[in-house]
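Student: One structure coming up, written as structure tokens, with questions to follow.
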Amino acid sequence: MPLGPNDFELVRQIVREHVGILLDTWKGSLVETRLGAIAREERLGAVEDLMRQLRSRPRGPLATRVVESLLTTETSFFRDVHPFEALRQFILPDLVSQRQARRRLTIWSAGCASGQEIYSVAMLIREHFPSLLDWSLELVGTDVSSAMLGKAAKGRYTELEINRGLPAAALVKYFEQHGLEWQIKLEVRAMVEFLEMNLAGSWRALPKMDIIFLRNVLVYFDVEKKREILAKVRRQLHPDGFLFLGGAESTINLDDDFQPTYFGPAVVYRLRARVGEAA
């Protein structure tokens, strides 16, 4: 049977309570498809049976699985190219110069999904800034989905995932083939720590960050939640740090403490200097 409006609203409520995301009303057919797949895998017979369980236990393991099945996990290696060119040509050289005394650098991929973004950063560092391997270098990927984090930690990708953005030279140098999949070599995987974290909830203890990637994540939250997350990002970022957002995202009308900085086609956000601070 088609998913009824009351059932859809219950799912929307569960998703919002778990991760702060409000599902669009036009996603009813997607929800129905995902719920049907879970019902079959759990041998519940039909979606109605699954919905009965969700009503009785809206915060149990089944609810978590439903939420994770509805999250967008779209990502790819070196996605959109320009942010990584800005990182290579301008941002990392600047930070390397500024951090010479303490020799520490922290980079966070928030909402990392299956990990391609933070692994792209790791490969870029090995390729162009090998001296940083002798620094205290922290690369962190976080996501709300334990399933995605498990995939990211393994660093194994299908040929389709590999073909989306990964240069051939990087494939040869940093991957090993295992049957029909490719796995990132251990020395690259060892550079990254993956942690479970809900951006819409209480944030776990993380170090102050020099660079934060929050790309194509804010778009899924309402305005109030976007402002809450950006306020937390502001506290997590070093005063001279850099924030990357997605191409369709901006801090305009959300947080005036951030200002856009342009590195060629790439837009990066920095904290405005406050009164009494150096510009």
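Student: Which residue, of Ala122, Ala152, Ala113, Ala147, is more than 14 Å from Glu193 (Cα to Cα), among the small types (Gly, Ala, Ser) and under 19 Å from the mean Cα position of the chain (by Cα)?
Tutor: On the way: Ala122 fails: more than 14 Å from Glu193 (Cα to Cα); Ala152 fails: more than 14 Å from Glu193 (Cα to Cα); Ala113 fails: more than 14 Å from Glu193 (Cα to Cα).
Matching residue, one of Ala122, Ala152, Ala113, Ala147: Ala147.
Student: Would you list the helices (runs of 4 or more DSSP H) that sit entirely within the stretch 1-74 and hold 2 or more residues that are within 27 Å of Glu161 (Cβ to Cβ)? Even if it seems obvious, please write down each step before you answer.
Tutor: On the way: elements: 5-19, 28-41, 47-56, 61-70.
Because the criterion is at least 2 residues that are within 27 Å of Glu161 (Cβ to Cβ), the helices (runs of 4 or more DSSP H) in the stretch 1-74 that meet it are 5-19, 28-41, 61-70.
Student: Out of the stretch 44-103, which residues are buried (at least 16 other Cβ atoms within 10 Å of the Cβ), at pLDDT 90 or above and hydroxyl-bearing (Ser, Thr, Tyr)?
Tutor: Thr75, Ser76
Student: When the residues of the stretch 164-173 are narrowed to those that are touching a residue at least 12 places away in the same chain (Cβ under 8 Å) and of a type in the set (Gly, Ala, Ser), which ends up surrounded by the fewest Cβ atoms within 10 Å (Cβ to Cβ)?
Tutor: Gly165
Student: Taking the residues in the stretch 207-224 that are in contact (Cβ under 8 Å) with a residue 24 or more places away in the chain and acidic (Asp, Glu) as candidates, determine which candidate is farthest from Ser120 (Cα to Cα).
Tutor: Within the stretch 207-224, the match that is farthest from Ser120 (Cα to Cα) is Asp222.
Student: Among the residues in the stretch 17-38, are any within 23 Å of the chain's Cα centre (by Cα), β-branched (Val, Ile, Thr) and surrounded by fewer than 16 Cβ atoms within 10 Å (Cβ to Cβ)?
Tutor: Going residue by residue through the stretch 17-38, those that are within 23 Å of the chain's Cα centre (by Cα) are 17-24, 27, 30-31, 34.
Now restrict to residues that are β-branched (Val, Ile, Thr): 19, 21, 31.
Imposing the further condition that a residue be surrounded by fewer than 16 Cβ atoms within 10 Å (Cβ to Cβ) reduces the set to none.
Among the residues of the stretch 17-38, not one is within 23 Å of the chain's Cα centre (by Cα), β-branched (Val, Ile, Thr) and surrounded by fewer than 16 Cβ atoms within 10 Å (Cβ to Cβ), which makes the answer no.
Student: Scan the strands (runs of 3 or more DSSP E) fully inside the stretch 194-263 and keep the ones with 2 or more residues being farther than 17 Å from Ile107 by Cα. Working first, answer last.
Tutor: Details: elements: 209-214, 237-245, 258-263.
Answer list for the stretch 194-263: 258-263.
Student: Just name the residue that is farthest from Val47 (Cα to Cα) out of those in the stretch 59-78 that are in the same structural domain as Asp24 (by TED's automatic domain parsing) and touching an Asp or Glu at 6+ places or on another chain (Cβ under 8 Å).
Tutor: Among those residues, the one meeting the criterion is Arg59.
The values are calculated or read from the model by the stated rules, or taken from the named source; none is laboratory data. All values derive from a computational prediction rather than experimental measurement. FYI the Cβ positions are ideal-geometry reconstructions off the backbone, even for glycines, and counts take in every protein chain you see.
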